[in-house]
Amino acid sequence: MAQHVAQKLRLTSALLGTVTRKDLAAAFRAVDPKTAFDLGRADKWLQGRARPRQVSVYEDWAKLLELEQPGAWIAESDLPSFTAAIAARHGIGSAELERRAGVQFEASAHDDKSVGPALAGTYACYSRAWSPYRRGQLIRGRLSIGAGPGVHGFSAIYRETLPTGQLQLGGPVTPAKRSLYLHLREVGGEAQFFLCLFPHTQPVSVLGGYMCGTAIIGPEAQPSITRILLVRLRDTPAAEQWGGYLPPGTSIAADLASLGIVIEHPETVDRQLGQFLSADSDGGVNQIPPAEFRAILDVFDRHWLQHAG
C-alpha cells in the first residue's frame, strides 16, 4: 500500500527543482508522454488527501528519479529510506534535500496566503533531559516539518542523539486555534512523544510549549513532561551532526550561534531561555504564562525579520 506520497512528491519536486505542480507534471511527461500522473489530481496527492492508484505512476516515478528500485518500492517504502535513496542517487545530503523541500513548501504557502505551511522547515529543539542519569541537563533535538498526510497535510520528524544511538520519531502536525499539536511515534520502536505548543504566528521564528512521553534511558518507566523550545533555522547543514546533551554550563545563545542564529545580548537571552526551560509547576499544575513565551517570541521574531533575505 502506498504511503507518504505527499512527502515523497515534495522531496522529488525539491530534488528536480520543479517549482509548480505543472512543472512536476511536465517532468513526469518527459519520461513518459502517456503518464497517468494527472495534474488535476496532483493537488490531492500533494495534500495527502489521496494517492495515485495506477501502478504506472510509480513506475514513471522510478524512471524520473533514475532509481534501481521498482515503482512498487517507491509506493511502499518508509520516508527515511526513500529520502536516503534519492539523496544518495543524486549526490545530495538527506538534510539538505529536506531543507530544500521545506523552503519550497514554505514558498508555495505564501502564494496560498496560509499561515499553516509557513511552519515548514527545520528547528533546533531544547528541553530538559528526562533520564535520571542526566538530571538537570538540557538535551538538543532536531525537528523537521514538511508536507504530510492527514487533514492538515503536515508531518514532523524529530531526532535526538542519545548515548544508545539515534532516536527518531515521526507523526502528524495539527494546527488548531488554541494550540499546535504534534503526535510523534518512534520509527521501528514503541516510544511516543506528544507536543502541545503555543499557536504559531508569522514569521514562525520559534515555537514553545510542553513535550510529554516516557524517559528513554533509565532503570524504570517514567511518564515525563518538560517545557520545550524550538528555534527555527535558516541553514540546516550545520544541524545535521548537531544534537545530544548540552554540556553543563554551556551557553544556549552560543550553541545557537554555532547554527547561524547569532542573537544580540547573549547573556540576557541565556538567562531568559534558561528560566523558561527550568520553570516548575505552580500548585501541581504545569502551565506556561503566555507573557513568558511572548517575551521569547519577541526576541526571535525581531532577529528573524532583521535577517530576512
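The values are calculated or read from the model by the stated rules, or taken from the named source; none is laboratory data. Bear in mind the structure is a predicted one, so any value in this text is a computation, not a measurement. Cβ: placed from backbone, ideal geometry, glycine included. Neighbour counts: every protein chain shown.
If K34 satisfies every condition in (1) of a type in the set (K, R); (2) closer than 23 Å to G146 by Cβ; (3) assigned to a loop (DSSP other than H, G, I, E, B) but one, which is the exception?
(2)
Could you check, for the stretch 162-181, whether at least one of its residues is crowded, with 19+ Cβ neighbours inside 10 Å, in contact with a helix residue (DSSP H, G or I) (Cβ under 6 Å, 6 or more places away or on another chain) and of a type in the set (V, I, T)?
no
For V31, are the conditions met, namely being surrounded by fewer than 20 Cβ atoms within 10 Å (Cβ to Cβ) and of a type in the set (A, V, I, L, M)? So that I can check it myself, show each step before the final result.
Details: surrounded by fewer than 20 Cβ atoms within 10 Å (Cβ to Cβ): yes; of a type in the set (A, V, I, L, M): yes.
Taking the combined requirement at face value, the residue satisfies it.
Restricting to the stretch 253-309, and then to whatever is in a helix (DSSP H, G or I) and in contact with an Asp or Glu (Cβ under 7 Å, 6 or more places away or on another chain), can you tell me which residue is surrounded by the fewest Cβ atoms within 10 Å (Cβ to Cβ)? Lay out the reasoning, then the answer.
So the first thing to find is which residues in the stretch 253-309 are in a helix (DSSP H, G or I), and the list is 253-257, 266-278, 290-306.
Restricting the remaining residues to those that are in contact with an Asp or Glu (Cβ under 7 Å, 6 or more places away or on another chain) gives 253, 276.
Values: A253: 20, F276: 18.
Step by step, filter the stretch 253-309, then rank; the result is F276.
Please enumerate the residues belonging to the stretch 222-275 that are at positive phi and touching a residue at least 60 places away in the same chain (Cβ under 8 Å). Outline the logic, then answer.
As a first pass, look at the stretch 222-275 and keep what is at positive phi: 243-244, 249, 260, 265.
Scanning the stretch 222-275 gives G243, G244.
Which number in (1) crowded, with 20+ Cβ neighbours inside 10 Å; (2) closer than 26 Å to R100 by Cα; (3) touching a helix residue (DSSP H, G or I) at 6+ places or on another chain (Cβ under 7 Å) marks the one condition that L138 misses?
It fails just one condition, (2).
Could you check the stretch 74-101 and list, in sequence order, the residues that are charged (D, E, K, R) and either surrounded by 14 or more Cβ atoms within 10 Å (Cβ to Cβ) or without any contact (Cβ under 8 Å) to a residue 60 or more places away in the chain (or both)?
E76, R89, E96, E98, R99, R100
Exactly one of these conditions fails for Q54: (1) at pLDDT 85 or above; (2) surrounded by 14 or more Cβ atoms within 10 Å (Cβ to Cβ); (3) polar (S, T, N, Q). Give me its number.
Evaluating Q54 over (1) at pLDDT 85 or above; (2) surrounded by 14 or more Cβ atoms within 10 Å (Cβ to Cβ); (3) polar (S, T, N, Q) leaves (2) as the failure.
Of the conditions (1) surrounded by 12 or more Cβ atoms within 10 Å (Cβ to Cβ); (2) under 24 Å from the mean Cα position of the chain (by Cα); (3) more than 26 Å from S94 (Cβ to Cβ), V231 clears all except one; give me its number.
(3)
For G17, indicate whether it is surrounded by 14 or more Cβ atoms within 10 Å (Cβ to Cβ), on the phi > 0 side of the Ramachandran plot, at pLDDT below 90 and outside the structural domain of I145 (by TED's automatic domain parsing).
No.
Cβ-Cβ under 9 Å, sequence separation 6+ or interchain: first residue in the stretch 1-28 and without any contact (Cβ under 8 Å) to a residue 40 or more places away in the chain, partner among the acidic types (D, E). Which pairs?
Cβ pairs passing all conditions: G17/D23; R21/D43; A25/D38; F28/D60.
Looking only at the stretch 38-73, count every residue that is out of contact with any Ser or Thr (no Cβ under 9 Å at 6 or more places or on another chain) and touching a residue at least 60 places away in the same chain (Cβ under 8 Å) and tell me the total.
Final tally of qualifying residues: 2.
Which one of V204, V173, V231 is part of a loop (DSSP other than H, G, I, E, B), under 23 Å from F293 (Cα atoms) and either touching a strand residue (DSSP E or B) at 6+ places or on another chain (Cβ under 8 Å) or assigned by TED's automatic domain parsing to the domain that holds R128 (or both)? Outline the logic, then answer.
On the way: V173 fails: part of a loop (DSSP other than H, G, I, E, B); V231 fails: part of a loop (DSSP other than H, G, I, E, B).
Just one listed residue meets the conditions, V204.
Do we have Q7 as closer than 19 Å to L97 by Cβ and in a helix (DSSP H, G or I) here?
Yes.
Within the stretch 4-51, how many residues turn out to be under 18 Å from the mean Cα position of the chain (by Cα) and of a type in the set (S, T, N, Q)?
Of the residues in that region, 4 qualify.
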